[in-house]
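J.: One structure is given below, represented as structure tokens, and several questions about it will come after.
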Amino acid sequence: MDLRFPSGCDIAQHDFADILETIHAEVQLRFGEGRPADYISALATVPLDGFGMALVLRDGQVFEVGQSRRPFTIQSISKVHTLTLALDAVGDDLWERVDREPSGDSFNSLIQLEYEKGIPRNPFMNAGALVVADVVLSNCGDARGRLLEFMRSRSGNADVACDEEVARSEAATGHRNLALAHFIKSYGNLHNPVEDVLDFYYLQCSLSMDCVDLARSVQYLAGNGHCSVSGRDVVSGELATRINALMMTAGTYDAAGDFAFYVGLPAKSGVGGGIVAVVPHVLSLCVWYPGLDDKGNSLLGRYALHRFSRMTGLSVF
Ligand code: GLN
């Protein structure tokens with residue numbers, strides 16, 4: 001297998017185990033920084049003293065450090081997987097209902113929806129993810145079953161399941177998501193009942209997975225559409241490229257510019273503290289630290305990705 005990065009960088013030169021150990025030592029000095037996602041009560045009390053990181057090469061080899069096997073709720077990272085399911089089901093028709101532009105606004109912003117007539121800016125803001133969830137519900141039969149099956153086969157972990165406590169807690173405090181869903185519905189851009197869309201959305205956000213599961217779950221985006229975990233072609237190479245482009249421009253919300261600047265890799269964050277990132281054609285990775293910055297991205301996760309891309313030179317730029 002050709003493990004060369006398109007830029008000519010030979011990944012065999014990297015001692016990934018050593019790089020991850022160095023990053024782990026550095027982040028430990030900063031434990032306690034950031035704040036957990038306290039607007040979801042079940043996440044408010046997570047201690048800020050755990051960090052995990054895992055990377056998966058295209059041949060399936062895993063490197064990991066810290067609490068890489070500790071499960072957490074994947075939150076908005078799931079938007080990558082539901083986007084994949086929706087594009088698989090309806091193709092480019094999705095873009096009639098969701099745009100592909102960076103928002104510059106927070107992940108749960110309502111602002112653009114009114115003057116853009118209920119068309120969310122991109123599939124990774126909550127508004128866009130709700131429309132994507134609606135498309136999955138309408139077009140994928142047993143949507144819950146389909147999503148679970150997708151996650152389990154992509155990650156190779158048959159035990160992936162929903163953390164019901166977190167799902168209930170999100171539903172109890174999800175006033176903004178309820179407002180977003182009703183607002184989008186008022187423009188006719190949700191076809192299913194608001195309650196059904198939110199139920200499915202909270203299920204996807206509350207899936208409990210660890211860093212190794214998650215790094216594997218986006219392997220197909222590092223593999224030109226091919227998932228080495230399941231041995232399946234999940235999407236075309238063209239679609240993998242496009243999903244990576246969306247992750248680069250919108251995957252970390254109003255910090256996407258900073259991520260391009262400091263990390264230089266397509267990435268998708270979640271308020272559970274996880275961030276997945278992809279080095280196209282080379283590897284996928286996931287970091288976890290539950291303290292968030294003011295944009296809702298894992299503070300030390302972002303630092304770890306920055307250090308990783310600097311130490312390896314693996315940036316798309
Ligand atoms: N479930 C979270 C929410 O809807 C997901 C947000 C996120 O991870 N950025 O607020």
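Nothing in this text is a laboratory measurement; each read-out follows from the coordinates by a stated rule. For clarity, every value in this text was computed on a predicted model and none was experimentally measured. Note: ideal-geometry Cβ built from the backbone for every residue, glycine included; neighbour counts use all protein chains shown.
J.: Given points 7 Å out from each Cα along the Cα-Cβ axis, report the F261 to M311 separation in nanometres with one decimal.
T.: It works out to 2.4 nm between the two label points.
J.: Ignoring everything except DSSP H segments at least 4 long, calculate the 222 nm mean residue ellipticity for the chain; use -39,500 (n - 2.57) per segment, divide by total residues, nearest 500.
T.: Computed mean residue ellipticity for the chain: -13000 deg cm²/dmol.
J.: For labels at E116 and R100 in the simple 7 Å Cα→Cβ model, what's the distance in nm?
T.: Rounded to a tenth, the inter-label distance reads 1.4 nm.
J.: Could you give each residue of the range 150-155 its phi-based ³J(HN,Hα) in whole Hz, using Karplus coefficients 6.51, -1.76, 1.60 with θ = phi - 60°, and x for Gly or Pro?
T.: 4, 5, 5, 6, 5, 8
J.: Could I ask something else about it? My understanding is that a pair violates if its Cα-Cα distance is over 21 Å; which of K117/K295; K117/K185; K79/K295; K79/K185 do that in this structure?
T.: K117/K295
J.: Right, another one. Could you compute the FRET efficiency for R168 and Q13, with r as their C-beta to C-beta distance and R0 at 51 Å, rounded to 0.05?
T.: It comes to 0.60.
J.: Also, I was wondering about something else. Calculated FRET efficiency, T22 and D159, Cβ-Cβ r, R0 41 Å, to nearest 0.05?
T.: Details: r = 32 Å, r/R0 = 0.77.
Working from the Cβ atoms, E equals 0.85.
J.: For the range 47-85 and the range 91-160, compute the distance between their C-alpha centroids and round to whole Å.
T.: Taking the Cα centre of the range 91-160 as reference, the centre of the range 47-85 is 20 Å away.
J.: Can you list residues from other chains, or at least 5 along the same chain, whose modelled amide H is less than 5 Å from the amide H of A161?
T.: S208
J.: Another question, if that's okay. Fully extended, how many nm does the chain gain between A44 and R30 (0.36 nm per residue separation, minus their Cα-Cα distance)?
T.: Result: 3.1 nm gained on full extension.
J.: Still on this model: What does the C-alpha gyration tensor say about the overall shape of the range 171-302? Classify as rounded when a/c is under 1.5, otherwise prolate if a/b is larger than b/c, or oblate. Mind showing how you got there, number by number?
T.: Values: a/c = 1.74, a/b = 1.38, b/c = 1.26.
Prolate, since a/c reaches 1.5 and a/b exceeds b/c.
J.: In whole Hz, what ³J(HN,Hα) sequence does the range 309-314 give by Karplus (6.51, -1.76, 1.60; θ = phi - 60°), x for Gly and Pro?
T.: For the range 309-314, the Karplus-derived couplings read 5, 6, 5, 9, x, 8 Hz, x marking Gly and Pro.
J.: What dipole magnitude, in Debye to the nearest 20, does the range 136-286 give about its Cα centre under +1 on Lys/Arg Cβ and -1 on Asp/Glu Cβ?
T.: Using only the charged Cβ atoms, the result is roughly 340 debye.
J.: Which one, Y201, L314, L246, is farthest towards the positive end of the dipole of the range 196-317 when Lys and Arg carry +1 and Asp and Glu -1 on their Cβ?
T.: Positive-most Cα among the choices belongs to L314.
J.: How far is helix 237-250 tilted, in degrees, relative to the longest principal axis of the Cα atoms in the chain, given as a value from 0 to 90 rounded to the nearest 10?
T.: Between the helix axis and the principal axis of the chain, the angle is about 80 degrees.
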